[in-house]
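J.: I am attaching a structure below and will ask some questions about it afterwards.
The values are calculated or read from the model by the stated rules, or taken from the named source; none is laboratory data. Note that this is a predicted model, so its numbers are computed, not measured. Heads up, the Cβs are rebuilt from the backbone with ideal geometry, glycines too, and the neighbour counts pull from every protein chain shown.
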Protein chains: 2
Amino acid sequence: MIALIPVLALLTGPAGAEEGMWTLDAFPSAKVAEIYGFAPDARWLEHVRLSSVRLAGGCSGSFVSPDGLVMTNHHCAHGCVEQLSDPDHDYVSQGFYARTLAEERRCPVMEVNVLVGTSDVTGRIAAATRDLTGEAYTAARKAETARIEKACATSDDVRCDVVSLYHGGRYVLYRYRRHQDVRLVFAPEFAVAFFGGDPYNFTFPRYDYDVSFVRVYHRGKPARVKHWFEWSETGAKEGDLTFVPGHPGRTSRLQTVARLEYERDFALPDRLLYSAELRGLLREFMNRGPEAERTATGLFFGVENGYKARRGRLEALQDPRMMAEKIREEEEFRAAVDADPVLRAEVGDAWSAIADALVELRTLRTRLGFLEQGRGFLSDLFDHARTLVRAAEEAGKSDDERLPEFTDARRPAVAQSLLAPAPVHEDLEIAILGFSLTKLRETLGAEDPIVKRILGDKSPDELATGLVKGTKLADPDVRRTLWEGGKAAVDASDDPMIQLAREVDPDARAIRKTYEDRIESTLDRNGEILARAWFSTRGAGSYPDATFTLRLSYGAVEGYQEAGRRVEPFTRMSGLFERHTGRPPFALPQRWLDARDRLPPDLPMNLATTNDIIGGNSGSPVLDRDARIVGLVFDGNLQSLGGDYWFDPSVNRTVSVDARTLLAGLEIVYGADRVAREIQRARR
Amino acid sequence: MIALIPVLALLTGPAGAEEGMWTLDAFPSAKVAEIYGFAPDARWLEHVRLSSVRLAGGCSGSFVSPDGLVMTNHHCAHGCVEQLSDPDHDYVSQGFYARTLAEERRCPVMEVNVLVGTSDVTGRIAAATRDLTGEAYTAARKAETARIEKACATSDDVRCDVVSLYHGGRYVLYRYRRHQDVRLVFAPEFAVAFFGGDPYNFTFPRYDYDVSFVRVYHRGKPARVKHWFEWSETGAKEGDLTFVPGHPGRTSRLQTVARLEYERDFALPDRLLYSAELRGLLREFMNRGPEAERTATGLFFGVENGYKARRGRLEALQDPRMMAEKIREEEEFRAAVDADPVLRAEVGDAWSAIADALVELRTLRTRLGFLEQGRGFLSDLFDHARTLVRAAEEAGKSDDERLPEFTDARRPAVAQSLLAPAPVHEDLEIAILGFSLTKLRETLGAEDPIVKRILGDKSPDELATGLVKGTKLADPDVRRTLWEGGKAAVDASDDPMIQLAREVDPDARAIRKTYEDRIESTLDRNGEILARAWFSTRGAGSYPDATFTLRLSYGAVEGYQEAGRRVEPFTRMSGLFERHTGRPPFALPQRWLDARDRLPPDLPMNLATTNDIIGGNSGSPVLDRDARIVGLVFDGNLQSLGGDYWFDPSVNRTVSVDARTLLAGLEIVYGADRVAREIQRARR
């Protein structure tokens, strides 16, 4: 984890062979053809776009049959699997398989999006924000965004997002087909989906069966789709060209040095320390008993995963060579700007404006994080309460003056998340809300007026217990009544969680407004200026930082060198069984042990490719040049964690489940023939 | 906590008015006289030295009667109070008071040291290590240290430590009278000793009654001492001169910038992340039930305290102005060295040697921390096992070749700690050992050979459970038998914890040796060189970084400005009751509530002084110019946490219990007249 990673390809150098999370309208087909002898054409790219899906919760996936069958990772459907479970049916530990269409069960919260089109709206945003700064800039951009999205979102089946690419260099409207009726078809046991658990997370060689299948429905029937990926019969071999379409969440490759330093010194340590403590708490919480373990596993996994990813990013930023290189590049860019009088006038003091805003953010960040960004009130029930309180408040404003998450265009997504009948686990809610209230008091101080007002004479745990046991918001019908009742209903509510959300809201909104008007507007405004300068000094041929929008990466099946040893690109089925100890996280489900003799020991299990991906790409298919599925992305190796900041093709690897093992598991281990046949039959 | 602290006094500037943790042989009496009109003379200083004590566990204290009565903090005796408790007698929550001498109860582990003399041994160490580097340097210094200490430690009642001052600028032999029979006399309830708990920790204004009394015994009777501090009848008032003798543990004011950066970027984040997770675990562990809460409180408090202190230190090091000032000073020092050809030749590339060693330490630090420095095996029972295994092994070597902690001179201290009949709490041991083994696997990786050898097929929790339940080392008699049986007995043992310690030892010793030979020797050797150069550029009039040896600080009772508001130097008794909410950590014991009407509301409760202290000073007395007790140090304010690196007299404050409240508590709240009379009668 503390290996020093050679810095080979950075933002101002030429992109490395496989570097790039490309938007589909600017995919470098010619370059791919040059290296691999194959140039994806417009038809190929359109097929890939319409066969790819986004899981609104933060993952990727793909259609694998004309009947709306979607393949993604187990860990992307974990929430659904957990929500469908109850004390008598633990599908997380036992797995889930719908033998018939009728047995497919609706996921309470899952939403699947398909990108149907994009259009550039840079000119509209620029016109609306011309010459504005600070609060005026934020308000104008927000209002214009709301207008564009509202005009686009013509029905609840459509989702429209204005996305800032290149940190404001371009604004693009993304239009999605929204599928809210998503049903669980198949999920293996958590123990094999996440074999090796946290110790193996972000490592390679690897042995996971991290897959699930869900199906999108339309009017109660499987949705018919025109585009889906076929299954490869042969799979990939070393050196083969691979494509990964998907929705990488966030990268910071084009950020200024000041922002990277802020990330290294403040943002990452803050998050890591908070989640380390929560992790310790959850670890011990699960000792309360089987039900505690069942209900907390998903959250625990998420916390551990985020912890390991951020720890890796921190270590990447602590590599002095990497930071020195970033500084050198920024100096080069500044010199290029300085050398051009027009550019110099346009850019002005954008770099120092960003750096100064980040210094100011240091003193705001704690209050912002705790009151507004969730750290002080870690609770699904509180989230519901805040949504209800704010939605009621915002409904009274014109669309373009609202908080962006409460515009008309976003309302269906808010309702989906608020009204979903996901179970609430009372003990877990009390534990994490009590924890976060304790951290709130610790961080803002026991004498802070808002802390005193919230806690009164109570201890954080006592308050959390009273709130969770006293609120009725665990009942989706109660939430629906308040949602539909609007401001009058919410104002009249004496629900204690609603009361808390009301109590906190003025302070939370105030710190958010200060942040948006003083910090965010400066960062964004000056980010736009730098992005434009950057375009004009280096022209096209670049890709924007990841924004949880559809991107396509190309690469190849390839091993690498680690600590002086060669790591082969494929692992084999035999390796999985050799690592079975019988104790979690190295304990295989009985079904796998029973099937051992029927599984070919040499079957390729997981594979490494040089595709450039990041968190959010989970569930992406790995495609061959015929756009057939040869694998299913579920992770990157440890060396990929620096990928937030730069791409090192020599060691950064995407880690996937091999398509041959995906199929063998369905057929041999699970007898899930209905699914296996569906994906095999799905020839175009 | 994120206030930006003005940098007013740094290492190469003139020491601020009150800056300095002075050794008693170099106390700046003339300067004190200049400011306060009082110059402590040699007799005064000797009296202070012999009345001051060190608690070997990491605290300070003082004799307050000729019958060996020692005053220190509650939190310094917390371990003893907990060890004397059992499920039916919870002295931590109920408090402890021995109404008669016969009821005073021996603390299983506590050791009290009185400094009887020091002598400079710089010449001997220098002669022994001349022209040596690396392993040869380490070995020679270790051997010479062992010889000096052995010659000094003429009986088990004597403790002798060779201490490096000014990072090797001077070596001094400290000779202590060792008291191992220490008995608990009085301790209040934890709830009032640590009123406000973690939220109030390291803050001021404050309302704690953090005191305990113990008594040193000699041959079964109260030890008669010739020096002790008298009690002040009047207490101190604003502006009064105050002295604090005590044992500050560690500061880094004279360290190079490279070391501070290493601390900021690696050492502190590593420790913070580890303890954050442990803190979360312990927080939830205490929910297991009253016995879990009782047994884990002390550890939890220690973890929280260390976390808050380190978090404050990290924030201090993240202050860019502070680091810029440190860099500027180092550049000045380097320029002064460069300007002097003799010095330049002597210093050579000492700075880069230190920086390079720290780069190498980055890659070693994890293995070192987990295998050798305790992070992988968090368990009293494992500590015992390792002590037994290593002591047996080391006994076969000549004294000067042994690990320094196992020389003949150190043997009594090792035995005291190993054989003490402190209770072992099985569930807590399992929880924290399981946690640390999990972190060991996480950090070194599941595929690391030592991890695989230790865990085998077991999970960390399973291994921890088997070890703790299987070992017999919780029984002090079993430990004594192995200790006295030596290598033959230890080698023959099939105790599972002994077996684990044996299994780990080769790897742990190897990484320690690499560290000592390659890193530590470079840091120390070059630290010595820089210390000598520093002396020759700035001469005398400076104080060494803290080393848990006796120091004396002077200052005054003084408030300060915080966030634009004046903080008064005294808090009042009424403030304590106003903050009582009935819920921990703001819940007063019933005894205090009952006594409320009899306690004067205006009684000074806690006070702030400008004395320069740091962790290790807990339990120090606050003295007036007549060396009478006016207070009892128990904390510093938040602004004192940067004191590890520099001293800011405008806001850095020592926080103490006022002597008047100490006495009123004994008399009015506890009716502890025996103790109250003893300290009042103790006129000289």
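J.: Within the stretch A:393-407, does at least one residue satisfy the condition of being closer than 25 Å to A:Cys80 by Cα and either of a type in the set (Lys, Arg) or part of a loop (DSSP other than H, G, I, E, B) (or both)?
T.: No, the stretch A:393-407 contains no residue that is closer than 25 Å to A:Cys80 by Cα and either of a type in the set (Lys, Arg) or part of a loop (DSSP other than H, G, I, E, B) (or both).
J.: Can you pull out every residue in the stretch B:641-662 that is outside any loop (DSSP other than H, G, I, E, B) and touching a strand residue (DSSP E or B) at 6+ places or on another chain (Cβ under 7 Å)? Show your work before the answer.
T.: Residues of the stretch B:641-662 that are outside any loop (DSSP other than H, G, I, E, B), as a first pass: B:641-644, B:654-662.
Hits for the stretch B:641-662 are B:Gly643, B:Thr654, B:Val655, B:Ser656, B:Val657, B:Asp658, B:Ala659, B:Arg660, B:Thr661, B:Leu662.
J.: May I ask you to list the residues in the stretch B:545-562 that are closer than 13 Å to B:Phe204 by Cβ and either assigned to a loop (DSSP other than H, G, I, E, B) or modelled with pLDDT under 95 (or both)?
T.: B:Glu558, B:Gly559, B:Glu562
J.: If you don't mind, another one. In this structure, does B:Phe266 turn out to be in a helix (DSSP H, G or I), at the interface with another protein chain (Cβ under 9 Å from one of its Cβ atoms) and under 30 Å from B:Ala350 (Cβ atoms)?
T.: yes
J.: For the stretch B:197-245, how many residues are more than 26 Å from B:Arg572 (Cα to Cα) and of a type in the set (Gly, Ala, Ser)?
T.: Narrowing the stretch B:197-245 to residues more than 26 Å from B:Arg572 (Cα to Cα): B:214-228.
So of that shortlist, the ones also of a type in the set (Gly, Ala, Ser) come out as B:220, B:223.
The total comes to 2.
J.: Here are some residues: B:Glu325, B:Glu238, B:Glu330. Which one is of a type outside the set (Lys, Arg), more than 22 Å from the chain's Cα centre (by Cα), in a loop (DSSP other than H, G, I, E, B) and away from chain A (no Cβ under 12 Å)?
T.: From the options B:Glu325, B:Glu238, B:Glu330, the qualifying one is B:Glu238.
J.: Going through the stretch B:104-140 one residue at a time, which ones are charged (D, E, K, R), part of a helix (DSSP H, G or I) and modelled with pLDDT under 95?
T.: Of everything in the stretch B:104-140, just one residue is charged (D, E, K, R), part of a helix (DSSP H, G or I) and modelled with pLDDT under 95, namely B:Glu135.
J.: Name every residue in the stretch B:275-292 that is closer than 19 Å to B:Glu442 by Cα and more than 8 Å from chain A (Cβ to nearest Cβ), in order of residue number.
T.: Matches in the stretch B:275-292: B:Ser275 only.
J.: Right, another one. So, in the stretch A:340-385, how many residues would count as being more than 24 Å from the chain's Cα centre (by Cα) and not in a helix (DSSP H, G or I)?
T.: Total meeting the criteria: 3.
J.: Also, quick follow-up: Considering every residue within the stretch B:61-84, establish whether at least one is touching a helix residue (DSSP H, G or I) at 6+ places or on another chain (Cβ under 8 Å) and surrounded by fewer than 17 Cβ atoms within 10 Å (Cβ to Cβ).
T.: Looking for residues that are touching a helix residue (DSSP H, G or I) at 6+ places or on another chain (Cβ under 8 Å) and surrounded by fewer than 17 Cβ atoms within 10 Å (Cβ to Cβ), one finds none in the stretch B:61-84, hence no.
J.: Still on this model: For A:Ile148, only one of the following conditions fails: (1) loosely packed, with under 14 Cβ neighbours inside 10 Å; (2) assigned to a helix (DSSP H, G or I); (3) in contact with a strand residue (DSSP E or B) (Cβ under 8 Å, 6 or more places away or on another chain). What is its number?
T.: So the condition that A:Ile148 fails would be (1).
J.: Please state which one of B:Phe243, B:Phe229 is more than 14 Å from chain A (Cβ to nearest Cβ), touching a Phe, Trp or Tyr at 6+ places or on another chain (Cβ under 6 Å) and of a type outside the set (D, E, K, R).
T.: B:Phe243
J.: Would you check which residues across the stretch B:623-663 are among the charged types (D, E, K, R) and under 30 Å from B:Ala682 (Cβ atoms) and list them?
T.: B:Asp624, B:Arg625, B:Asp626, B:Arg628, B:Asp635, B:Arg653, B:Asp658, B:Arg660, listed by residue number.
J.: Quick one: count up the residues across the stretch A:304-318 that are at the interface with chain B (Cβ under 10 Å from one of its Cβ atoms) and more than 24 Å from A:Leu530 (Cβ to Cβ).
T.: Within the stretch A:304-318, residues that are at the interface with chain B (Cβ under 10 Å from one of its Cβ atoms) and more than 24 Å from A:Leu530 (Cβ to Cβ) number 7.
J.: Only one of (1) within 14 Å of chain A (Cβ to nearest Cβ); (2) at negative phi; (3) free of Cβ contacts under 8 Å to residues at least 60 places away in the same chain is not met by B:Pro601, so which one is it?
T.: If we test B:Pro601 against (1) within 14 Å of chain A (Cβ to nearest Cβ); (2) at negative phi; (3) free of Cβ contacts under 8 Å to residues at least 60 places away in the same chain, just (1) comes out false.
J.: Here's something else I'd like to know. How many residues are at pLDDT below 95 and part of a strand (DSSP E or B) when one looks only at the stretch A:165-177?
T.: 2
J.: Return the residues of the stretch B:440-451 that are assigned to a helix (DSSP H, G or I) and at the interface with another protein chain (Cβ under 10 Å from one of its Cβ atoms); say none if nothing qualifies.
T.: Result: B:Arg441, B:Glu442, B:Thr443, B:Leu444, B:Val451.
J.: Test B:Ala587 against the stated conditions and say whether it is more than 30 Å from B:Ser252 (Cβ to Cβ), of a type in the set (A, V, I, L, M), in contact with a helix residue (DSSP H, G or I) (Cβ under 7 Å, 6 or more places away or on another chain) and at pLDDT 95 or above.
T.: So B:Ala587 fits the description; yes.
J.: Can you name every residue in the stretch B:456-472 that is within 14 Å of chain A (Cβ to nearest Cβ) and in contact with a helix residue (DSSP H, G or I) (Cβ under 9 Å, 6 or more places away or on another chain)? If you could, list the steps in order and put the result at the bottom.
T.: Taking the stretch B:456-472 and keeping what is within 14 Å of chain A (Cβ to nearest Cβ), we get B:456-466.
Once the filter is applied, which keeps residues that are within 14 Å of chain A (Cβ to nearest Cβ) and in contact with a helix residue (DSSP H, G or I) (Cβ under 9 Å, 6 or more places away or on another chain), the stretch B:456-472 yields B:Gly456, B:Lys458, B:Ser459, B:Pro460, B:Asp461, B:Glu462, B:Leu463, B:Ala464, B:Thr465, B:Gly466.
J.: Quickly run through the stretch A:85-133 and pick out the residues that are surrounded by 15 or more Cβ atoms within 10 Å (Cβ to Cβ) and among the hydroxyl-bearing types (Ser, Thr, Tyr).
T.: Scanning the stretch A:85-133 gives A:Ser85, A:Tyr91, A:Ser93, A:Tyr97, A:Thr118, A:Thr122, A:Thr129.
J.: I'd like the full set of residues that are surrounded by fewer than 18 Cβ atoms within 10 Å (Cβ to Cβ), closer than 21 Å to A:Asp673 by Cα and out of contact with any Lys or Arg (no Cβ under 9 Å at 6 or more places or on another chain), limited to the stretch A:207-252.
T.: A:Lys221, A:Arg224
J.: Find the residue count for the stretch A:178-204, including only residues that are farther than 23 Å from A:Val669 by Cβ and assigned to a helix (DSSP H, G or I).
T.: Within the stretch A:178-204, residues that are farther than 23 Å from A:Val669 by Cβ and assigned to a helix (DSSP H, G or I) number 2.
J.: Give me the residue from the stretch A:563-588 that is part of a loop (DSSP other than H, G, I, E, B) and aliphatic (A, V, I, L, M) and, out of that set, farthest from the chain's Cα centre (by Cα).
T.: Taking the candidates together, the pick is A:Ala563.
J.: Are any residues in the stretch A:201-220 out of contact with any Gly (no Cβ under 9 Å at 6 or more places or on another chain) and farther than 15 Å from A:Met71 by Cα, and if so, which ones?
T.: Those that are out of contact with any Gly (no Cβ under 9 Å at 6 or more places or on another chain) and farther than 15 Å from A:Met71 by Cα: A:Asn201, A:Arg219, A:Gly220.
J.: Quick one: is B:Leu418 under 26 Å from the mean Cα position of the chain (by Cα), within 14 Å of chain A (Cβ to nearest Cβ) and not basic (Lys, Arg)?
T.: no
J.: Being more than 26 Å from A:Asp161 (Cβ to Cβ) and either within 14 Å of chain B (Cβ to nearest Cβ) or in contact (Cβ under 8 Å) with a residue 12 or more places away in the chain (or both) is true for just one of A:Pro404, A:Pro412, A:Pro423. Which residue is that?
T.: A:Pro423
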